[in-house]
Amino acid sequence: MDKFRVNPDENFKISDRSTEWPGDQRIKELSEKGLKKEAKKYIKKNLKQLKHAQELLWASNRRSMLIIFQAMDAAGKDSTIEHVMSGVNPQGVDVNSFKAPSKEELDHNFLWRYWHKMPQRGRIGIFNRSYYEEVLIVKVHPEILESRPIPYGLRGDSFWNARYEDINAMEEHLCRSGTVILKFFLNVSKDEQKQRFLDRLNNPDKHWKFSESDMEERQYWDDYMQAFEDCINATSTAWAPWFVIPADDKWKMRALVSMIITEEIQSLDLKFPTVSEEKQTYLEQIKEKLQKK
């Protein structure tokens, strides 16, 4: 996990993090088909552990987990969520994607609409994009900010630093209240994004996934990389670290995300609630009655 975590005191640079991860010698020697097979087996194994851990999370009702995915288009956020969380109880998981804010949401502070979607105790919440869009796309496109009802006196040079501070403070509060926060930046290369766009265009069944905005945002690639770099440097904290996951190979990426989520939730050392002696005696009496019928 330490290979992919961004430490709070680190001078993080995206250019220093490869979008490909070779793995150990055994992984390097696998064919593409063999790699996919091994990754599927690994994710399936983790799912069993994750399912058990989720049951403990639900039963203990003391902790919650917030998992955030941020990335450029076509990096694989949707498919990663689908594969990594496919075996857990859907009653204990909430997946949220956020569209453009409504007028009501814009009339509140920039974190308000996300606050309402934070996971309850005992649950796992997944944000497919999140409040970090407010320091990513909004920073790349400052005209968005100009159209919002924010006091002009607050739009100085310190505006973005203030937003980073607000995010850190909110996440620290959540952690102090029992929420574990995992933040994943799926680091895909520009060339790989291009290939995935072409794959969509060449497959009629995937035309629906392509939009004009995909190509428009691609023009701002360097601006986005700088925005991600600034954001991760400012908001990877001891209580809510960022994990930068190589995303050019989808199956390796999914396996790495699966590993980190499983290990983090297992590290909570959760236990099923114990019952009182009185309740235990009552349960034994019920069991005896059932066995006689």
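The values are calculated or read from the model by the stated rules, or taken from the named source; none is laboratory data. It should be emphasised that the depicted structure is a prediction, and the values quoted were computed from it without experimental measurement. Heads up, the Cβs are rebuilt from the backbone with ideal geometry, glycines too, and the neighbour counts pull from every protein chain shown.
Points worth noting:
- A single member of K271, K250, K209 is closer than 26 Å to Y131 by Cα and in contact (Cβ under 8 Å) with a residue 24 or more places away in the chain, and it is K250.
- Verdict on W58 being over 30 Å from L198 (Cβ atoms) and in contact with a helix residue (DSSP H, G or I) (Cβ under 6 Å, 6 or more places away or on another chain): yes
Each row is one residue, and each column tells you yes or no for (1) of a type in the set (D, E, K, R); (2) free of Cβ contacts under 8 Å to residues at least 24 places away in the same chain.
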residue	(1), (2)
M1	no, no
N7	no, no
R17	yes, no
S31	no, yes
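- When R113, R163, R121 are screened for being of a type in the set (K, R) and part of a loop (DSSP other than H, G, I, E, B), only R121 passes.
- Selected residue (criterion: nearest to the chain's Cα centre (by Cα)) from residues of segment 215-244 that are of a type in the set (A, V, I, L, M) and under 16 Å from M170 (Cα atoms): A240
Yes/no per residue for (1) exposed (fewer than 11 other Cβ atoms within 10 Å of the Cβ); (2) of a type in the set (A, V, I, L, M, F, W, C); (3) modelled with pLDDT under 85:
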position: K206; (1), (2), (3): no, no, yes
position: E216; (1), (2), (3): yes, no, no
position: D230; (1), (2), (3): no, no, no
position: N233; (1), (2), (3): no, no, no
position: A238; (1), (2), (3): yes, yes, no
position: W242; (1), (2), (3): no, yes, no
position: I261; (1), (2), (3): no, yes, no
position: F272; (1), (2), (3): yes, yes, yes
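- Residues in segment 23-55 that are part of a helix (DSSP H, G or I), closer than 28 Å to E192 by Cα and small (G, A, S): 2 in all.
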